[in-house]
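Down below is the structure, laid out as structure tokens.
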Amino acid sequence: MKKYIMLFILLVSQFMRAGTPPPDFKQYLYRFDDCDACGCSASGGGMGFSSMLNQNFVGVRYFYQSYTSRDGVFNNSPWIDENFNTLQLWARIPVFKNFQVSALVPYHSHNRELTTGHQEINGLGDITVLGLYTVYQTKKDTAAYYHTLQAGAGIKMPTGEYNSANNGSVNPSFQVGTGSWDYLLAAEYIVKHKSLGLNAMINYTFKTENNDNYRFGNQWNYAATLFYVIEKPKYTLVPQIGLAGEIYEANKQFGETLPDTEGNILFGKAGIEAGYGSFSAGVNAMLPVSQNLTGGKVEANYRWSVNINYSL
């Protein structure tokens, strides 16, 4: 067991050297953060990849992201509001012993108020599929502390439309898709004692160039979640609190690095999920603690989400 824990700590330490503050808090089941290009995004909005209560499930989730961006390349360019709305079908399905597949199918509806008028884009987003293998798991009836280590890989498919005209001089992430095939590596470690637990997660997304010769920068997500399980005869509650971090490398076009397209952000996060029978519902909210996105030309305001799931 020690070697698995040391491996995870080594991954986290190497990542932290790459440059940003610490983690986020989440549930006792696996959650995967997927957000493109400075947090505004064509993908999962950093709100997670799995339910807190249902290890295997199908469900629907809505999440909203609010941003303010410069409408222009100059420091005195006016600020505009950007709103990112996503409705998702999501699921986590067991394939065989110790192996599960998670999937996200998003539909986006984004809008912003430019100085030249209202702009809106809608459509199917990029579908993501992730496979996770349980590397180590403590037997629940033999230990005071319950440990789980999972690792896996996934792919994000270019099912969403990418429009290069939307990049312009404002937020380059005002898209419903990146137009690229992207690849993910992920790891998660959970320790739980009685009703109290801690979840630590890290993942990395390798992004490729799309058909318009544009390449969004690779991305780190990292997290640490404190959670508490309240079990009652007819229902279960799992409150959570924590931090969620994202780091974005610079975007490239025709192989050339684009200035002011990298960034990092640290969110405070709180939420709760309630389960009754085979159904569960959850709500989460995220507020930025510190951020530096696209050279200060994009600012995240807040994110929130609601979901309803059915346990398989």
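The values are calculated or read from the model by the stated rules, or taken from the named source; none is laboratory data. Everything numeric here is computed off the predicted structure, so don't read it as measured data. Don't worry about glycine lacking a Cβ; one is built from the backbone with ideal geometry, like all the others, and counts go over all protein chains shown.
The test for being in contact (Cβ under 8 Å) with a residue 60 or more places away in the chain and on the phi > 0 side of the Ramachandran plot holds for Thr294. When Phe74 is tested against (1) more than 30 Å from Ser195 (Cα to Cα); (2) over 15 Å from the mean Cα position of the chain (by Cα); (3) of a type outside the set (Gly, Ala, Ser); (4) in a strand (DSSP E or B), exactly one condition is not met: (4). The residues of the range 77-121 that are out of contact with any Phe, Trp or Tyr (no Cβ under 9 Å at 6 or more places or on another chain) and charged (D, E, K, R), listed by number, are Lys97, Glu113, Glu120.
Candidates are the residues of the range 267-276 that are under 20 Å from Tyr222 (Cα atoms) and crowded, with 20+ Cβ neighbours inside 10 Å; the one that is farthest from the chain's Cα centre (by Cα) is Gly271. Exactly one residue out of Gln291, Gln240 is over 14 Å from the mean Cα position of the chain (by Cα), over 22 Å from Thr128 (Cβ atoms) and crowded, with 23+ Cβ neighbours inside 10 Å, and it is Gln240.
Just one of (1) surrounded by fewer than 20 Cβ atoms within 10 Å (Cβ to Cβ); (2) under 23 Å from Val135 (Cβ atoms) fails for Gly197. It is (1).
Residues in the range 287-304 that are among the hydrophobic types (A, V, I, L, M, F, W, C) and under 12 Å from Ala244 (Cα atoms): how many?
Total meeting the criteria: 2.
Which residue out of Val129, Val191 is aliphatic (A, V, I, L, M), at pLDDT 90 or above, touching a His at 6+ places or on another chain (Cβ under 8 Å) and surrounded by 14 or more Cβ atoms within 10 Å (Cβ to Cβ)? Only one candidate qualifies: Val191. Tell me yes or no: at least one residue of the range 259-270 is among the charged types (D, E, K, R) and within 30 Å of Gly72 (Cα to Cα). Within the range 259-270 (the criterion being among the charged types (D, E, K, R) and within 30 Å of Gly72 (Cα to Cα)), the answer is yes, since at least one residue qualifies. Taking the condition of being among the hydroxyl-bearing types (Ser, Thr, Tyr) and either without any contact (Cβ under 8 Å) to a residue 40 or more places away in the chain or under 25 Å from Thr178 (Cα atoms) (or both), how many residues in the range 252-291 meet it? Matching residues across the range 252-291 total 3.
Cβ-Cβ distances below 7 Å connect the following pairs, each with a first residue in the range 125-146 that is farther than 19 Å from Leu196 by Cβ and part of a strand (DSSP E or B), a second residue that is modelled with pLDDT under 95 and of a type in the set (D, E, K, R), and a separation of six or more residues or different chains: Thr128/Asp34.
Restricting the range 154-167 to residues that are small (Gly, Ala, Ser) and in contact with a strand residue (DSSP E or B) (Cβ under 9 Å, 6 or more places away or on another chain), the residue that is modelled with the lowest pLDDT is Ser164.
Criterion first (over 28 Å from Asn98 (Cβ atoms) and not hydrophobic (A, V, I, L, M, F, W, C)) does Lys252 satisfy it? The answer is yes for Lys252.
The residues of the range 249-277 that are under 30 Å from Thr225 (Cα atoms) and hydrophobic (A, V, I, L, M, F, W, C), listed by number, are Ala250, Ile265, Leu266, Phe267, Ala270, Ile272, Ala274.
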